[in-house]
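Below is one structure; the comments refer to it alone.
The values are calculated or read from the model by the stated rules, or taken from the named source; none is laboratory data. Just so you know, these numbers come straight off a predicted model, no measurement behind them. Cβ placement follows ideal geometry from the backbone for every residue including glycine, while neighbour counts extend to all protein chains displayed.
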Amino acid sequence: MGKSSLLNQVKLQFTGENPELREDLSAVHSSTDGYLWLGCDEGINIERLKLINLETKDTFGEHKSFNVQNYLDLPDGNQTEIDIEGLAESDDYLWLVGSHSQKRKSVKPEKSDAENSQRLATIEAESNRYLLARIPLINGELHKNHASPSDPKQPLSAAILELTREGNLLTEALADDSHLGPFIKADIPSKDNGFDIEGLAVKNNRIFLGLRGPVLRGWAIILELEVKNTAPSLLKLKRIGDKERRYKKLFVNLQGLGIREVSIEGDDLIILAGPTMDLDGPVKIFRLENGTNFEDESFSHPTVVMDIPYGDGFDHAEGITQLTSLSGKPALLVVYDSPDRKRLVGTQDILVDVFEL
């Protein structure tokens with residue numbers, strides 16, 4: 001088991017009218033042009049920061065917020081959150097994924113026992129959560145439509161995996177899966193070990209989704225998908241799995257943990273793993289060698305790279321992205337939901353961690 005090696009912390013400087021944004025970070029991606037893209041599990045915006053201290057490489061600022069509804073037709077508009085759980089970049093597109101999960105109302109201390117009993121019995125489905133989409137990303141800006149920089153005759157268009165009455169084409173395909181189907185059909189909420197996407201990585205046109213849940217007898221699951229355009233703004237799934245299924249499925253032994261984020265390094269998958277249920281820890285980073293080239297329905301045992309510190313009710317690691325550290329070493333930047341109050345700087349800034357990879 002590897003211990004974490006904290007290299008340094010970097011400051012994220014936010015502006016705007018949402019001071020709670022820094023406490024709800026759930027996804028992060030470091031783009032090749034020096035921008036940091038972030039998603040939250042609240043709202044429908046994607047946030048962008050720029051490295052503004054080139055010497056010390058310890059501050060990201062010049063905050064800009066992008067309303068996803070300006071690029072994609074969200075089924076609920078701005079009425080419900082997307083619950084963005086993953087961001088990735090490939091071939092001039094920024095990809096994003098929602099949790100695809102049901103949610104159970106939580107107990108509130110100010111409510112009566114009868115009211116809290118009813119809250120715990122209430123399960124909600126929000127259509128915006130069933131979002132798997134890509135948006136053209138050109139020179140640090142998002143676009144609904146744009147010509148490809150490599151081929152001006154090739155149009156790039158924002159597109160979404162086609163929605164259905166009860167989710168999208170992915171949940172429809174998985175409804176008959178022998179492992180995941182029962183969880184989807186039963187509408188089991190995410191924090192009850194239900195179906196819950198919390199990791200996204202993209203390599204060319206291959207999409208890797210890490211599931212926080214369900215974890216089956218200690219085995220977590222990674223899905224691989226490929227998509228094609230059926231219209232400029234719509235995507236469908238290709239047949240890529242055994243028996244012409246529209247997905248592949250990999251079982252990974254993460255010591256009983258679920259997947260909170262995935263990242264690609266070469267052909268390897270870097271996995272952030274944490275509890276499936278509503279617990280604080282443990283939290284670990286795993287490396288799955290050649291993990292982008294797995295056989296459908298195969299089983300793998302990734303190697304533990306490091307442990308990520310966590311707190312009692314705070315510092316829940318939610319997102320990772322690869323970058324080069326101050327010392328020039330390969331590193332992982334980690335962002336947290338419910339951060340330790342010590343991380344908060346001023347009214348809107350926050351310190352996040354950089355670990356040696």
Scan of segment 167-176 for residues that are of a type outside the set (S, T, N, Q) and outside any helix (DSSP H, G or I), ordered by number: G167, A175, D176
Count of residues meeting criterion [assigned to a loop (DSSP other than H, G, I, E, B) and in contact with a Leu (Cβ under 7 Å, 6 or more places away or on another chain)] in segment 257-275: 1
Strands (runs of 3 or more DSSP E) contained in segment 26-111 and holding at least 2 residues of a type in the set (D, E, K, R) and within 27 Å of Q9 (Cβ to Cβ): 45-51, 59-67, 84-90
Out of S190, S148, S127, sole residue that is at pLDDT below 95 and surrounded by 21 or more Cβ atoms within 10 Å (Cβ to Cβ): S190
Residues (in contact with a Leu (Cβ under 8 Å, 6 or more places away or on another chain) and small (G, A, S)) located in segment 72-105: G86, A88, G98
Meets criteria (more than 16 Å from the chain's Cα centre (by Cα), surrounded by 14 or more Cβ atoms within 10 Å (Cβ to Cβ) and of a type in the set (F, W, Y)) for F195: no
Matching option when the condition is over 24 Å from I135 (Cα atoms), crowded, with 16+ Cβ neighbours inside 10 Å and not small (G, A, S), among K3, K11: K11
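A quick yes/no check of all residues on (1) assigned to a strand (DSSP E or B); (2) in contact with an Asp or Glu (Cβ under 8 Å, 6 or more places away or on another chain); (3) of a type in the set (K, R); (4) at pLDDT below 95:
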position: E198; (1), (2), (3), (4): yes, yes, no, no
position: A220; (1), (2), (3), (4): yes, no, no, no
position: K243; (1), (2), (3), (4): no, no, yes, yes
position: Q255; (1), (2), (3), (4): no, no, no, no
position: D278; (1), (2), (3), (4): no, no, no, yes
position: F286; (1), (2), (3), (4): yes, no, no, no
Candidates G266, G274 - the one that is of a type outside the set (V, I, T) and within 22 Å of R206 (Cβ to Cβ): G266
Odd one out for E244, checked against (1) out of contact with any strand residue (DSSP E or B) (no Cβ under 9 Å at 6 or more places or on another chain); (2) of a type outside the set (G, A, S); (3) surrounded by 22 or more Cβ atoms within 10 Å (Cβ to Cβ): (3)
Residue count, segment 83-138 (criterion: closer than 21 Å to D192 by Cβ, among the polar types (S, T, N, Q) and in contact with a strand residue (DSSP E or B) (Cβ under 8 Å, 6 or more places away or on another chain)): 6
